[in-house]
1. Can you name the residue in segment B:1-51 that is away from every other protein chain (no Cβ under 14 Å) and within 24 Å of residue C:22 (Cα to Cα) and, of all such residues, is surrounded by the fewest Cβ atoms within 10 Å (Cβ to Cβ)?
2. Answer with yes or no whether residue B:68 is touching a helix residue (DSSP H, G or I) at 6+ places or on another chain (Cβ under 8 Å), surrounded by fewer than 19 Cβ atoms within 10 Å (Cβ to Cβ), free of Cβ contacts under 8 Å to residues at least 60 places away in the same chain and more than 13 Å from chain C (Cβ to nearest Cβ).
3. For the condition within 14 Å of chain B (Cβ to nearest Cβ), more than 15 Å from residue B:22 (Cα to Cα) and surrounded by 13 or more Cβ atoms within 10 Å (Cβ to Cβ), what is the one hit in A:45, A:62?
4. Restricting to segment A:11-20, and then to whatever is free of Cβ contacts under 8 Å to residues at least 60 places away in the same chain and more than 10 Å from every other protein chain (Cβ to nearest Cβ), can you tell me which residue is farthest from the chain's Cα centre (by Cα)?
5. Do we find a residue being assigned to a helix (DSSP H, G or I), under 15 Å from the mean Cα position of the chain (by Cα), within 14 Å of another protein chain (Cβ to nearest Cβ) and at pLDDT 95 or above anywhere in segment C:59-71?
6. Can you tell me which residues in segment A:79-120 are away from chain B (no Cβ under 12 Å) and without any contact (Cβ under 8 Å) to a residue 24 or more places away in the chain?
7. Looking only at segment C:4-41, which residues are more than 7 Å from every other protein chain (Cβ to nearest Cβ), crowded, with 24+ Cβ neighbours inside 10 Å and part of a helix (DSSP H, G or I)?
């Protein structure tokens, strides 16, 4: 099968809208298709990775654990925008999984290398 | 890369993030994104400062919003056929949703 | 050139489906091929045949059905997103014990793998959303 470089760009916070959850579903399927998958988190998308989601009170399915399970699907390219974290008072220590923190320019360079960019 | 923006720069940060992240190439403004390309708006200053991008705006969306006669200098207005050509000309497109 | 289109929002609230429709028509008019149109998130709501807009408004659902018929388009609705939002074909109705179906002509319900395949097979993938 052809292997393409797929990047899922996440710029929206979790729970307020469904995009973060349904984006993860796409990531898992792309990994099952053995594609070269990476995830980028910018703007409010970095909130998706904030550790310690407790969703019982809003009766919605929490999906923090899924980020931790990505490695089992051989998805290990998680890129986070430094500037977006800083603007939200977050550091890499606040995140639920190991990520590669980079500048916007570095992220843009990676985006340029992709065959398919899906934004959620 | 063809960067597609569909939101007003006064409503969302998608144009800002695109301008600060994307390496270059083209920006196509569609839907509410076309407001960025209008004279005297905050979008005009932002786009002028981002000289590395070739900027396009979708004509039908400008016309629908009564903004077709306010397009800033340096922006190329295209129709849906032009939209298709832009997608074809670039290896990939990214919608900054 | 082969295009695929991803639509992430439903009809009427967002312009996404309208933009995608105009784009799809122009892709075909330019002599390109559409490999697949995939409907995800609230985009699955583009596939309900029960839509009844006022006479003087466009019928977004029928418009898609007609375009699919004329150009033999493959229009796929994500099954998980459809189940959440009540978009049902006969197979889904049987499997999940529903008393009705509402999938419009020209659409089919299938898995997210169809989106990834669309990305692999097509030369270009364009997303319309919010």
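1. Among those residues, the one meeting the criterion is B:38.
2. yes
3. Details: A:62 fails: within 14 Å of chain B (Cβ to nearest Cβ).
From the options A:45, A:62, the qualifying one is A:45.
4. Selected residue: A:16.
5. yes
6. Of everything in segment A:79-120, those that are away from chain B (no Cβ under 12 Å) and without any contact (Cβ under 8 Å) to a residue 24 or more places away in the chain turn out to be A:86, A:89, A:91, A:92, A:93, A:98, A:100, A:101.
7. C:16, C:17, C:20, C:24
The values are calculated or read from the model by the stated rules, or taken from the named source; none is laboratory data. Predicted, not measured: the structure shown is a model, and the values here were computed from it. Neighbour counts run over all protein chains shown; Cβ positions are idealised from the backbone, glycine included.
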